[in-house]
Amino acid sequence: MTQSGGRKPDSLAADNRAISAEGAGGQLIASDPTLDNFCLQLHSTPDGQGVVVQYTGIPGNQPESYHNSVALWDSWSPVIDGPNKTPPLVVVPISGNLQPSTVFVPWPFTGTDYLITYQVGDSLTTMCAALELSLKLKATVPPTAISLSVSQLDATSITIVYNTLGGYLPKTYGNWVGVWQGFSGPYFAPTPDSWAPAGSDHTQDVLTVSNLRIIAGFDYRIIYFMGPQADGVPGSNIGAVLTFKATEALAP
């Protein structure tokens, strides 16, 4: 997984030039973005006993301590809350704090559609990665996960595009995004510089985090929280982390 944050010998001078230019009206862009999220992959072939799944998480995650789990569903779009909710076939708590690692999901698999999800908290609404199994019991698409990208950046705000899992309800489940200058957290980070809740239940949407101070040459971190913890209070229910450097766009 790519890491960022190394400083070149002349970076301090460059930062000072960037700071002195703050407010000059130059366009800012998010450069060198690095996305950390969760991933599920098959580690064995599903059979009448079950399947072994490999999971990879965000650096700093402690799967057992933070009550992570995997769940098996007989639908690719489970309803995880409300009167029409779909109960999982089985939920397996993660044992141990090592990652990446593997977990055995016990189930007599047959020829139908299954979904394996990864949760980062006690509630099933904290699912943040999924692996689809087809009728032939093979992974049909790459594992899905929470993703983040910056669509617009200026001196006081960041507009973020986020994607969640199919059928997921970000607003209903209390998802939110926080922004920090520097490399805070990600787990149990201090109070964010600013934050914004998911404004809809669309699985893909855009939100803007305002009341920020974005300085060219500085690094920033965006953390996507799955909820249902208190708004604006960082914890361990993290779905994805995006780190980038704010730079001035080159003139056309």
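Quick look at the values:
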{"read-out": "Candidate set: the stretch 41-60, residues that are within 30 Å of Gln152 (Cα to Cα) and touching a strand residue (DSSP E or B) at 6+ places or on another chain (Cβ under 7 Å); chosen: the one surrounded by the fewest Cβ atoms within 10 Å (Cβ to Cβ)", "value": "Pro59"}
{"read-out": "The one condition in (1) within 19 Å of Pro186 (Cα to Cα); (2) crowded, with 16+ Cβ neighbours inside 10 Å; (3) among the aliphatic types (A, V, I, L, M) that Val233 fails to fulfil", "value": "(2)"}
{"read-out": "Residues being touching a Leu at 6+ places or on another chain (Cβ under 7 Å) and either in the same structural domain as Asp81 (by TED's automatic domain parsing) or within 13 Å of Gly178 (Cβ to Cβ) (or both) - total across the stretch 198-220", "value": "1"}
{"read-out": "Given (1) surrounded by 21 or more Cβ atoms within 10 Å (Cβ to Cβ); (2) at pLDDT below 85, index of the condition Ile94 fails", "value": "(2)"}
{"read-out": "Filter pass, Thr86 being over 21 Å from the mean Cα position of the chain (by Cα), over 20 Å from Leu165 (Cα atoms) and in a loop (DSSP other than H, G, I, E, B)", "value": "no"}
{"read-out": "Lone qualifier among Pro59, Pro33 - being at pLDDT 90 or above and part of a loop (DSSP other than H, G, I, E, B)", "value": "Pro59"}
{"read-out": "Pair list, Cβ < 8 Å and 6+ apart or interchain, from the stretch 79-92 residues that are over 21 Å from Thr203 (Cα atoms) to residues that are among the β-branched types (Val, Ile, Thr)", "value": "Val90/Val105; Val91/Val70; Val92/Val70; Val92/Val103; Val92/Val105"}
{"read-out": "Residue within the stretch 70-80 that is closer than 30 Å to Thr34 by Cβ, acidic (Asp, Glu) and touching a strand residue (DSSP E or B) at 6+ places or on another chain (Cβ under 9 Å) present", "value": "no"}
{"read-out": "Selection within the stretch 62-79 - part of a loop (DSSP other than H, G, I, E, B) and either over 23 Å from Val241 (Cβ atoms) or not assigned by TED's automatic domain parsing to the domain that holds Thr117 (or both)", "value": "Asp74, Ser75, Trp76, Ser77, Pro78, Val79"}
{"read-out": "Residue match in the stretch 166-175 (condition: closer than 24 Å to Asn68 by Cα, of a type in the set (Lys, Arg) and surrounded by fewer than 19 Cβ atoms within 10 Å (Cβ to Cβ))", "value": "yes"}
{"read-out": "Count - residues of the stretch 189-205 that are assigned to a loop (DSSP other than H, G, I, E, B) and not charged (D, E, K, R)", "value": "9"}
{"read-out": "Residue within the stretch 207-223 that is closer than 16 Å to Thr126 by Cα and crowded, with 22+ Cβ neighbours inside 10 Å present", "value": "yes"}
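The values are calculated or read from the model by the stated rules, or taken from the named source; none is laboratory data. Note that the structure is a prediction, hence the values are computed from the model and not measured. Note: ideal-geometry Cβ built from the backbone for every residue, glycine included; neighbour counts use all protein chains shown.
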